[in-house]
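Okay, so here's the structure we're looking at.
The values are calculated or read from the model by the stated rules, or taken from the named source; none is laboratory data. Quick caveat: nothing in here was measured; it's all calculated off a predicted structure. Every residue, glycine among them, receives a Cβ derived from its backbone with ideal geometry; neighbour counts consider all protein chains shown. The area values use the complete protein model at the heavy-atom level, side chains included, leaving out ligands, DNA and RNA. Shrake-Rupley method; radii C 1.70, N 1.55, O 1.52, S 1.80 Å.
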Amino acid sequence: MASFGMVGLDWQQRINWDRLRKYRLERARERMKAHGLGAMLLMYDENVRYVTSTLTPGWNRLKPGLRYAMLCGDDPPVLFEQGDIGTQIERHSPWIPKENVRWSYAWIKGAAGPASIQQVTKFTNAVLHEMKKSNVSGMKLGVDFIDINMIQVFKEKGIDWVDGMTPMMEARAVKNEDEQECARMVGAIGDAAHWECMKFLKPGLTENQVTAHIMEFLYNIPGMEDVEDVIVSSGPNTWPNWRNFSDRIIKPGDIVFMDLAALTWNGYKSCYYRTYCVGKEPTQEQKDVYATALKWLYDSIKAVKVGTTTKEIASKWPSAKEAWGYAEEDQAAANLWGHGLGLAQYDPPVISRIWSLDHPIEIKEGMVFALETQHGKKLQWGVRIEEMLIVHKDRIEIISNFPVEQITVVDPMPGYSTLAGR
């Protein structure tokens, strides 16, 4: 497919949302059965979305238990929605049978205090009811989240609970053609946002002003659900990369990078860095450091193919000691990095020298992930670059298309001083 457009039409095949919903549900069911589970209890937003294709509102995210879902045997998923919002689910999401929409029993991560056990007991009884109804009572229940209250009541009720996150990670790792097209749309939106950033950047703005402008730009795009973060760092904030923004004023000659950290279009997320120099050409030293980071990035991209492993990709990067003199790889966590993209910003595979050399994961057709590298001069300036890609049977498709060959220079002043130390 070719990023035809954002909205559905009667005269052109675009993203087939019905096919996407069925693919995700049945892939989750297949991995559930492969792990010998009778049912899965899903409490993380991305897993609930994957099997039910329903939206978790922003205020509801990161609060497991306010809404959750179950997948039992061969039956349709059951959604436990917060309060009476289920009435809206029946209206907006007809692929969930009305009789499978329930209300949730929440204890809000323990904020209910002494009532938490009461609520978890009701929660657990509802889980047991669904398993009995689907004829999977007594079988293993996979869970993607657990807390101390659940452990106690599950034990009392005799529930044999096991890891349910691994089968969901396996399911989410491989995207079908419609999910891949969603990723292309995310990439195209990212291209536009970086172009907007290039046009907007100028000396005198603050990092948070640039962040606010790009967020406003993104939220005006149809299908945009959430912008988890727009990272804008400048000058000494770029190395080490503190992955944040502040009210620091951007000065002439500053290195600035912007990362679209999890813009979310129809559930699918981005991670997309580019590096800018504002008001003047970068120094030769900055160009050389950027060239090094770019080589690290494209050496790793060239290692990506079906059947290889994350070890081969991570091996293309220098060790933390070689690059920055660090004692341990964990000290440079996420400096040289790869991670899957989908309904979560961290789908498999996650690639790092910290673990990939000893625990390799096979690269499969249909994986979508980002690779990112960075380098810099301590507390002065740094550069960071990131590409998003789709793995096909016989090739790699890069879906982040804003220019990357060199630092993007924004409105350089002719003859601006390039004296040493400036």
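Things worth noting here:
- About the Cα centre, charge dipole magnitude for the range 270-334 (Lys/Arg +1, Asp/Glu -1 at Cβ), debye: 320 debye
- Pairs of Lys residues in the range 52-135 are counted when their Cα atoms are under 23 angstrom apart and they lie 8 or more places apart or on different chains; the count is 8.
- Restriction of the trypsin sites (Lys or Arg not before Pro) in the range 299-389 to DSSP coil positions whose beta-carbon has at most 16 other beta-carbons within 10 angstrom yields 305, 364, 378.
- Helix-only [θ]222 nm of the chain, DSSP H runs n ≥ 4, -39500 (n - 2.57) each, per residue, nearest 500: -10000 deg cm²/dmol
- As a fraction of the 1.4 Å probe accessible area of the range 286-393, surface on carbon and sulfur atoms comes out at 50 percent.
- Heavy-atom surface of the chain, accessible at 1.4 Å and reported per residue (Å²): 44 Å²
- Selection of chymotrypsin sites (Phe, Trp or Tyr not before Pro), the range 234-273, meeting DSSP coil and at most 14 other Cβ within 10 Å: 242
- Dipole magnitude of the chain about its Cα centre (Cβ charges: Lys, Arg +1; Asp, Glu -1), debye to nearest 20: 320 debye
- Residues residue 413 and residue 88, FRET efficiency given R0 of 60 Å [Cβ-Cβ distance, rounded to 0.05]: 0.65
- Placing pseudo-labels 7 Å out from each Cα toward the beta carbon at residue 59 and residue 9 gives an inter-label distance of 3.8 nm.
- Taking the protein heavy atoms of the range 51-96 in the context of the full set of protein chains, the accessible area attributed to carbon and sulfur is 57 percent at 1.4 Å.
- Given the alternatives (i) 0.89; (ii) 1.02; (iii) 1.07, Cα Rg over 2.2 N^0.38 Å as computed for this entry is given by (iii).
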